[in-house]
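Novice: Just dropping this structure here.
Coordinate-derived values only; no laboratory data. Note that the structure is a prediction, hence the values are computed from the model and not measured. Ideal geometry is used to build each Cβ from the backbone, glycine not excepted, and the neighbour counts take in all protein chains shown.
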């Protein structure tokens, strides 16, 4: 069974909730092993709400947080669905969580085989993991751990249907832009990107019963009738593990990010270690696959 770590900007949008439901269901069906989760934003109730959501799904894994907040970059996070979920675990706070980088290091260092990383949020935690040095978890640097034990990275990031596309997970803040630039330039293992253009028109979660806490989270975020499926599409793609089998064509080459603007670029090269996907099926194909899992 293949092993995964999930990185998420939990709270920035409710498609992360749909993605975590997809992942949890796949774990419970024995189709994936989840080693840990890193939250790459720092809302007040991030840790408690994630642990509560996982608890409702019957999953117990380590959860870490990037303690840096983006409020200093001129954008104040809103809480939306997190307070309601956090009430299920009022004893927990962000102070109870270790750093997301330590979750990554421990999960990868202690894994028996190779690990794959799903990133459905900002890339700065992955960048910090790559830059991390030896510690009590492992005498190896993060770069060494990645090179030796990470099979592949699957990232919902970028906009690849236009040259110089600009997308939230890469471009939103100086922190996210620097993190994405570093990962794309320095990461030693292959990365497959699922861009904004892939999930925007695929709406999922519109089939949920209104008594479902996933529907409530989506409603709290303002999407009672379903939401674009960027993150759940990435998670399902990663679990299937083969772009073609999952219903995508691929473009292979070398990605690049302008650290100042957050715009992303791609140079085709059949020997490149980066890929981005293009839908080979109608939107209903992906919508039905996800809705069937989460209902």
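Novice: 7 Å from Cα along Cα→Cβ at both residue 31 and residue 283: what's the point-to-point distance in nm?
Specialist: My value for the distance between the label points is 2.3 nm.
Novice: Something else: Take the Cα gyration tensor of the chain, multiply each eigenvalue by 5, square-root it, and list the three semi-axes largest first, rounded to whole angstrom.
Specialist: Semi-axes from the Cα gyration tensor: 25, 23, 19 Å.
Novice: Okay, moving on. Tell me the relative contact order for region 16-131 as a rounded percent, counting alpha carbon contacts under 8 Å between residues six or more apart.
Specialist: 32
Novice: What nm distance separates the two modelled labels at residue 211 and residue 134, each placed 7 Å from Cα along Cα→Cβ?
Specialist: Here the answer is 5.7 nm between the modelled labels.
Novice: Another one. Under the definition of Cα pairs under 8 Å and six or more residues apart, what whole-number percent is the relative contact order of the chain?
Specialist: Taking the mean separation of contacting Cα pairs over the length of the chain, I get 20 percent.
Novice: Enter the per residue convex hull volume of region 85-129, computed from alpha-carbon coordinates, in Å³ rounded to the nearest integer.
Specialist: Roughly 120 Å³ of hull volume per residue.
Novice: A further question on this structure: Work out the FRET efficiency for residue 251 and residue 94 from their Cβ-Cβ distance, taking R0 = 30 Å, and round it to the nearest 0.05.
Specialist: Once rounded, the FRET efficiency stands at 0.15.
Novice: Follow-up. Which percent, to the nearest 5, of DSSP beta bridges fully inside the chain are antiparallel?
Specialist: Roughly 35 percent of the beta bridges in the chain run antiparallel, per DSSP.
Novice: Then there's this: Expressed in nm to one decimal, what extension gain is obtained for the pair residue 270 and residue 1 from 0.36 nm per residue of sequence separation less their Cα-Cα distance?
Specialist: 93.9 nm
Novice: Turning to a different aspect of this structure: Please state the relative contact order of region 189-295 as a whole percent: Cα pairs under 8 Å, 6+ residues apart?
Specialist: Once divided by the residue count of region 189-295, the mean separation gives 34 percent.
Novice: Next up: Report the equivalent ellipsoid semi-axes for region 122-275 in whole Å, largest first, defined as the square roots of five times the eigenvalues of the gyration tensor built from alpha carbon atoms.
Specialist: Taking √(5λ) for each eigenvalue gives 28, 20, 17 Å, largest first.
Novice: Which order do the peptides 157-169, 134-146 come out in when sorted by mean C-beta neighbours inside 10 angstrom, highest first?
Specialist: In decreasing order of mean packing, 157-169, 134-146 become 157-169, 134-146.
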